[in-house]
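*Asks:* The structure that follows is given in the form of structure tokens.
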Amino acid sequence: MTVNYSLPDSITEILKQNQNHTDSFQELIRQGGFMPPNMDLLIDAITALSMGKNVLLKGPTGAGKTKFAETLSSLFNQPMFSVNCSVDLDAESLLGFKTLSYEGEKQVITFMPGPVINAMKHGTFLYIDEVNMAKPETLPLINGVLDYRRTITNPFTNEVITAKGGFGVIAAINEGYIGTVPLNEALKNRFIVLEVPYIEGDQLKRLIQANTRLDDEKTIKLFVQLSTDLIQAVSQGKLAEDAASIRALLDACDLSMLIPPKRAILRAIVDKLDEEREKEFVKNLAETLF
């Protein structure tokens, strides 16, 4: 989906000055399409990245943090390597690994660079998703990458690598989820933090129209109201954040083209919830609206 952003002239000029113009890794330049709840969010992210700052996108699941990062990749015309964090994330997942290869008939050990090394050497964006899912002892490996030094000593080759111009880091977190850990202050202080809330109202209506097959105005309006009710219930502590996921809502909209909306909501939203109380709450909302 192509979105035309009404950006101030100064920000448009910043994008022009900082756009990538090389042909390398063109397949890693992501598609845009993020609809920011307010333009300040997008302007601030562009400003921070253009100044060489790291950006941390913080918000509930399904709010569009990954799509936001992909949109920044698109606006800067900048390839973006990705790291998906988990408790199993280790140095090899971040930096790369040694492997056997052949030079003619001779077997040699070569180093295969990982996403961090690739992004640094080629001056691209690096996206670190669910950064607070990683073990606390893993991420300090890249502290030097994230501060003013923009440097790392590759522990597998002893090569000292300094990031090429254009390198930028975007990370995302969902706070308070099972398996996540609080970011330590040393890591958090290396980022500019942007809160990414759910989109609502007319913006959500446009998102549904642009990103799903649903075209019935009345049904779209009802799904927008459902989202508003779910977000309110989450804010009141009646539902887990998962229930208000915009991603799940869009899935329900798609399904409702071929199956009844209430059943679409059951499959896309209700059955993902763990507690029976929450399931019944969402079912009741769907019954009321549809």
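*Asks:* Where does the chain land at 222 nm, in deg cm²/dmol rounded to the nearest 500, when only DSSP H runs of n ≥ 4 count, each adding -39500 (n - 2.57), divided by all residues?
*Replies:* -11500 deg cm²/dmol
*Asks:* Okay, next question. Does the stretch 71-119 classify as rounded, prolate or oblate by the C-alpha gyration tensor (a ≥ b ≥ c root eigenvalues; a/c under 1.5 gives rounded; else a/b over b/c gives prolate, otherwise oblate)? Don't skip to the end; give the middle numbers.
*Replies:* Details: a/c = 4.91, a/b = 1.72, b/c = 2.85.
Note, shape of the stretch 71-119 comes out oblate.
*Asks:* In the calculated pair distance distribution of the stretch 199-290, what percentage of Cα-Cα distances lie above 18 Å?
*Replies:* Everything past 18 Å amounts to 35 percent.
*Asks:* Could you give the length gained by full extension between residue 235 and residue 39, i.e. 0.36 nm per residue of separation minus their alpha carbon distance, to one decimal place?
*Replies:* Details: separation 196, 0.36 × 196 = 70.56 nm, distance 2.31 nm.
Net length gain for the segment: 68.3 nm.
*Asks:* Determine, for each peptide in 166-174, 246-254, 265-273, 200-208, the mean count of other beta carbons within 10 angstrom over its residues, then list the peptides with the highest first.
*Replies:* The most tightly packed comes first, giving 166-174, 246-254, 265-273, 200-208.
*Asks:* Can you give the accessible area per residue of the stretch 143-203, in Å², using a 1.4 Å probe?
*Replies:* Dividing the accessible area of the stretch 143-203 by its residue count gives 53 Å².
*Asks:* Ok, one more. For the peptides 69-76, 88-95, 10-17, 223-230, what is the packing order when you average, over each peptide's residues, the other Cβ atoms within 10 Å and list the highest mean first?
*Replies:* Final packing ranking: 69-76, 223-230, 88-95, 10-17.
*Asks:* Keeping all protein chains in the complex and leaving out DNA, RNA and ligands, what accessible area do you get for residue 110 with a 1.4 Å probe, in Å² to the nearest 10?
*Replies:* The accessible area comes out at roughly 40 Å².
*Asks:* Further question: I need to check one value: relative contact order of the chain, counting alpha carbon pairs closer than 8 Å and at least 6 residues apart, in percent.
*Replies:* 19 percent
*Asks:* A follow-up question, please. Once you order the gyration tensor axes a ≥ b ≥ c over the Cα atoms, which shape class does the stretch 80-219 get: rounded for a/c under 1.5, otherwise prolate or oblate by comparing a/b with b/c?
*Replies:* It is prolate, given that a/c is not under 1.5 and a/b is the larger ratio.
*Asks:* To continue, here is another question. Can you figure out the FRET efficiency of residue 263 with residue 4, using R₀ = 25 Å and their beta-carbon distance, to the nearest 0.05? Intermediate results must be reported in sequence, preceding the final value.
*Replies:* Details: r = 36 Å, r/R0 = 1.43.
Once rounded, the FRET efficiency stands at 0.10.
*Asks:* Which angle from 0 to 90°, rounded to the nearest 10, does the C-alpha axis of helix 9-18 make with the longest principal axis of the chain?
*Replies:* The answer is roughly 40 degrees.
*Asks:* Provide the packing ranking of 280-287, 53-60, i.e. peptides ordered by the mean count of other C-beta atoms within 10 Å per residue, highest first.
*Replies:* 53-60, 280-287
*Asks:* If you don't mind, there's one more thing I want to ask. Counting only protein heavy atoms, what percent of the accessible surface of the stretch 1-74 is carbon or sulfur at a 1.4 Å probe?
*Replies:* Exposed carbon and sulfur together represent 45 percent of the surface.
*Asks:* Percent antiparallel among DSSP beta bridges with both residues in the chain, to the nearest 5?
*Replies:* Percentage antiparallel, nearest 5: 40.
*Asks:* Divide the volume of the convex hull of the Cα atoms of the stretch 1-160 by its number of residues and quote the answer in cubic angstrom per residue.
*Replies:* Here the figure is 142 Å³ per residue.
*Asks:* Something else about it: Cα-based Rg (one decimal) and Dmax (whole number) for the stretch 99-145, in Å?
*Replies:* 15.1, 45
*Asks:* Quick one: net charge of residue 76's neighbours, Cβ under 14 Å, K/R +1, D/E -1?
*Replies:* Numbers: positive: 16, 30, 53; negative: 13, 70.
Computed value for this residue: +1.
*Asks:* May I pose another question? Enter the Cα centre distance for the pair the stretch 218-290 and the stretch 86-103, rounded to the nearest angstrom.
*Replies:* 41 Å
The values are calculated or read from the model by the stated rules, or taken from the named source; none is laboratory data. In this text, all values refer to a predicted model and were calculated from it rather than measured experimentally. Note that we place each Cβ from the backbone using ideal geometry, even for glycine, and neighbour counts take in every protein chain shown. Keep in mind that these areas ignore ligands, DNA and RNA; they rest on the heavy atoms of the full protein, side chains included. Shrake-Rupley method; radii C 1.70, N 1.55, O 1.52, S 1.80 Å.
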